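Remarks on the structure that follows.
The values are calculated or read from the model by the stated rules, or taken from the named source; none is laboratory data. Owing to the predicted nature of the structure, the values given are computational and were not obtained by experimental measurement. Note that each Cβ is placed from the backbone with ideal geometry, even for glycine, and that neighbours are counted across all protein chains shown. The protein model used for the area step is the full one, side chains on, heavy atoms only, and it has no ligands, DNA or RNA in it. Shrake-Rupley method; radii C 1.70, N 1.55, O 1.52, S 1.80 Å.
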Amino acid sequence: MSTRPTRSPGPAGRTGRLLSVLLVCLCTSVRGDEPDLTWSPEPFEFRPGPQVRYIDFENGDDANPGTKEQPWRHHPWDGNAKGNAAPSKGAVTYCFKKGVTYRGTLVATESGTAETPIMLTVDPSWGTGPARLCGSTVIRGGWKRCSAAEAPGIPASGRDRTWYADLPEGTEPRWLWEVRDGKVTNIPVARTPNWTVTNPDDPRSEWWELTGCVTVHKVPVEDPAGFRVGDRVKGSGKYIDRDENRDNLQEGQNTIAAVGPDHLIVGIREAKRGEFKKGAYITNGPAATKITGRLQLSGKRMIDTGHFTGAAPESWIGADFWCEGELFADPKPATVTGYDAAGHELTVESRYPWGYRTFCRYYLEGVPAFLDAPAEFCFAKRMEAEGGRLFLRLPSDRDPNASEIEVPVRHTLIEIPDQRHIRVSGLSLHFLNSPHHQARESVYAWRGVTAVRVVGNCRHIRVDHCAISHLPYGVAALPRNEGDLLDHIEIADNDMHDLSGSGIVCTNGSRPPIARGRARMKHLRILRNRLRNIGFKRLTNYGKGAHAIHTFGAETAEVAHNVVDRCCGAGMVIFNASEYDLGKLDRPLIRVLIHHNKVTNSLLTMQDYGGIASWMAGPSYVYCNISGNPVGYKHANYRRLKRKDWYRT
């Protein structure tokens, strides 16, 4: 919708560019009196093995011998490979032609050797420009202008400037990119308000603000007699014997919405942690009864007296509701399921049972009614037929028929399951899709929505000199079964930017638990990577998400010479060796080196961690790093509390 929000009163950015610098010794690169570190990747080197095969997705043919003069179309790990390409085996160097886009997913089916690893790379002498692997399909032309007949849900004010294209079954894009004259432009999902980033320290400064929040819970009780709908109630429980929030001691904060034979449905306007826990008592004054079990979340009602007004906007039903939390302040998604104009309320359903409170900021997206400005898109799935319709307005309302529109259809580009001695080097990896936030896969999205996924029992895997951008997650390494060993994993000299989640995620399965935490990650090296604009719209809530570099459980690791700028979470979160005693495995040698890294402008939509964080087992040697402007702004805290000097962490 076109209504512009009133800018939030939070002070993020007013205090100037706060700079915290951790220097345990002098940095090696010094300019004047100020220490500094710059990204200095090692140069790419093409060192092919004895067998080399060439792949040209645009002009190759799988019936060819796979030479530079007669290349294949497909890589043998692509399920679409046939002819001479499909049966290819051995420790081969596979060269993708520069300047050509390969579309498909590669799943490794064999290992190389210590002397001759399998390589997916580029021959600098073959072609010009980047060798791209994309998880998208491209639309070139065929766009039609909308009319009331084709697009009744699009606002009439801009309908004649909106274009549409019909997509086949199985295509449901959650991202969209325009490629024009070699430049990639991200097209946001249609949203309200039409916010932009105007405060670099507070990207959410133009989001709307909740004036209230009601969480609806089913409270199991011994005897509901004496309770009626509309009763104001309170609970006797406390969290660790502390009243952290006294708001609920006021009348009208908790109200009975329904009475069942063995439970009460309670609308809690401002949650006080532990108030209605098992064993506590709930009372309306005259009556009291014991709570016999855990609360069950049955819904949430979001209140905004300034924007949820007028007749019920049925067109909002089904929209995605992104709202920051109060504690960690990171945005979490929900789905709009109802609207009450009288109460100025939206009812939402979410996988995440906590976090929303008064003063938390939010926006809505994803329904045609919000497509009212340039640089937005919306996908409407057909109910009566397969597929759906993609609606689009490009920046400056330019004609999409003169551009290439990348529509993501895949979740992974390269998967390496249970293999050894494989190197991915010199490739450009782009354009992946995400599952819907209500889908089960979204809970641990980082496990499967990645450019390169190393999974299971893997050793001597290297990803280097790759350009990775415009997708959910960059490189992930994780176990699958008990006893899996991830060893000698190296991620180096890569350039990553514009990722909705983390750039690098590596775990031994300790958090969140995979294979009961009974796997190991022994040797890990993360060196000389550059990461920019990371974690701006993560799906994952559990374990990993908005941090640029996030590791769990490495026993010997080196994280060095990486440069991170503009990250919604921490620049680096390095959790060492084990999650307490989870897995109960012996780890005889633990040694982690974190040095010569530079992180600036981190914690843009989260708090708690710091720009560079190291935790769990040790020793962990942290030295010669720079961490500048870790923001950690908590807007709801700032608005709620009288103290105004600890809204950042």
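Condition (residue is surrounded by 24 or more Cβ atoms within 10 Å (Cβ to Cβ), in a strand (DSSP E or B) and among the β-branched types (V, I, T)) applied to segment 614-625: is it met by at least one residue?
Step one: list which residues in segment 614-625 are surrounded by 24 or more Cβ atoms within 10 Å (Cβ to Cβ), which gives 625.
Checking the rest, the ones that are also in a strand (DSSP E or B) come to none.
Within segment 614-625, none of the residues are surrounded by 24 or more Cβ atoms within 10 Å (Cβ to Cβ), in a strand (DSSP E or B) and among the β-branched types (V, I, T).
Within segment 533-553, is even one residue open to solvent by less than 10 Å² (accessible area, probe 1.4 Å), more than 19 Å from L604 (Cα to Cα), modelled with pLDDT under 95 and in contact with a Lys or Arg (Cβ under 8 Å, 6 or more places away or on another chain)?
Step one: of segment 533-553, the residues open to solvent by less than 10 Å² (accessible area, probe 1.4 Å) are 534-535, 540, 544-553.
Next, only the ones that are more than 19 Å from L604 (Cα to Cα) stay: 551-553.
Cutting the leftovers down to modelled with pLDDT under 95 gives us 551-553.
Subset that is in contact with a Lys or Arg (Cβ under 8 Å, 6 or more places away or on another chain): 552-553.
Yes, there is a match, as at least one residue in segment 533-553 is open to solvent by less than 10 Å² (accessible area, probe 1.4 Å), more than 19 Å from L604 (Cα to Cα), modelled with pLDDT under 95 and in contact with a Lys or Arg (Cβ under 8 Å, 6 or more places away or on another chain).
From the list T171, T162, which residue is over 23 Å from the mean Cα position of the chain (by Cα) and surrounded by 15 or more Cβ atoms within 10 Å (Cβ to Cβ)?
Working: T171 fails: over 23 Å from the mean Cα position of the chain (by Cα).
The conditions single out T162.
Looking at segment 103-120 only, could you name the residues that are crowded, with 22+ Cβ neighbours inside 10 Å and within 27 Å of N186 (Cα to Cα)?
Correct list: L106 only.
Only one residue in I514, I526, I504 is closer than 20 Å to V573 by Cα, open to solvent by 10 Å² or more (accessible area, probe 1.4 Å) and touching a residue at least 24 places away in the same chain (Cβ under 8 Å), so which one is that?
I514
Of all residues in segment 450-472, count the ones that are modelled with pLDDT under 95 and open to solvent by 10 Å² or more (accessible area, probe 1.4 Å).
0
Filter segment 285-304 for residues that are within 20 Å of A225 (Cα to Cα) and among the hydrophobic types (A, V, I, L, M, F, W, C) and give the result.
Within segment 285-304, A287, A288, I291, L295 qualify.
All but one of (1) farther than 21 Å from A476 by Cα; (2) among the β-branched types (V, I, T); (3) open to solvent by 20 Å² or more (accessible area, probe 1.4 Å) hold for T605; which doesn't?
T605 satisfies all of (1) farther than 21 Å from A476 by Cα; (2) among the β-branched types (V, I, T); (3) open to solvent by 20 Å² or more (accessible area, probe 1.4 Å) except (3).
Kindly provide the set of residues from segment 227-260 that are modelled with pLDDT of 50 or more, over 14 Å from T283 (Cβ atoms) and either assigned to a strand (DSSP E or B) or touching a His at 6+ places or on another chain (Cβ under 7 Å) (or both), ordered by number.
Correct list: Y239, A257, A258, V259.
Just checking, does segment 122-135 include any residue being of a type in the set (S, T, Y) and either assigned to a helix (DSSP H, G or I) or surrounded by 13 or more Cβ atoms within 10 Å (Cβ to Cβ) (or both)?
Initial filter on segment 122-135 (of a type in the set (S, T, Y)): 125, 128.
If we keep only those that are either assigned to a helix (DSSP H, G or I) or surrounded by 13 or more Cβ atoms within 10 Å (Cβ to Cβ) (or both) too, we end up with none.
No.
Can you spot a residue in segment 566-580 that is touching a residue at least 40 places away in the same chain (Cβ under 8 Å), farther than 18 Å from I504 by Cα and open to solvent by 10 Å² or more (accessible area, probe 1.4 Å)?
Yes - at least one qualifying residue is present in segment 566-580.
Look through segment 572-597, keep the residues that are over 28 Å from H561 (Cβ atoms) and among the hydrophobic types (A, V, I, L, M, F, W, C), and return whichever of them is nearest to the chain's Cα centre (by Cα).
So, considering only residues that are over 28 Å from H561 (Cβ atoms) and among the hydrophobic types (A, V, I, L, M, F, W, C), the one nearest to the chain's Cα centre (by Cα) is L582.
Can you tell me which residue is nearest to L486 (Cα to Cα) among those in segment 508-521 that are touching a Gly at 6+ places or on another chain (Cβ under 6 Å) and of a type outside the set (A, V, I, L, M)? Please lay out each step first, then the result.
The first filter runs over segment 508-521 and keeps only residues touching a Gly at 6+ places or on another chain (Cβ under 6 Å), leaving 508-512, 515, 517-519, 521.
Now restrict to residues that are of a type outside the set (A, V, I, L, M): 508-512, 517-518.
Numbers: N508: 7, G509: 10, S510: 13, R511: 15, P512: 16, G517: 13, R518: 12 Å.
If we take residues in segment 508-521 being touching a Gly at 6+ places or on another chain (Cβ under 6 Å) and of a type outside the set (A, V, I, L, M), then N508 is nearest to L486 (Cα to Cα).
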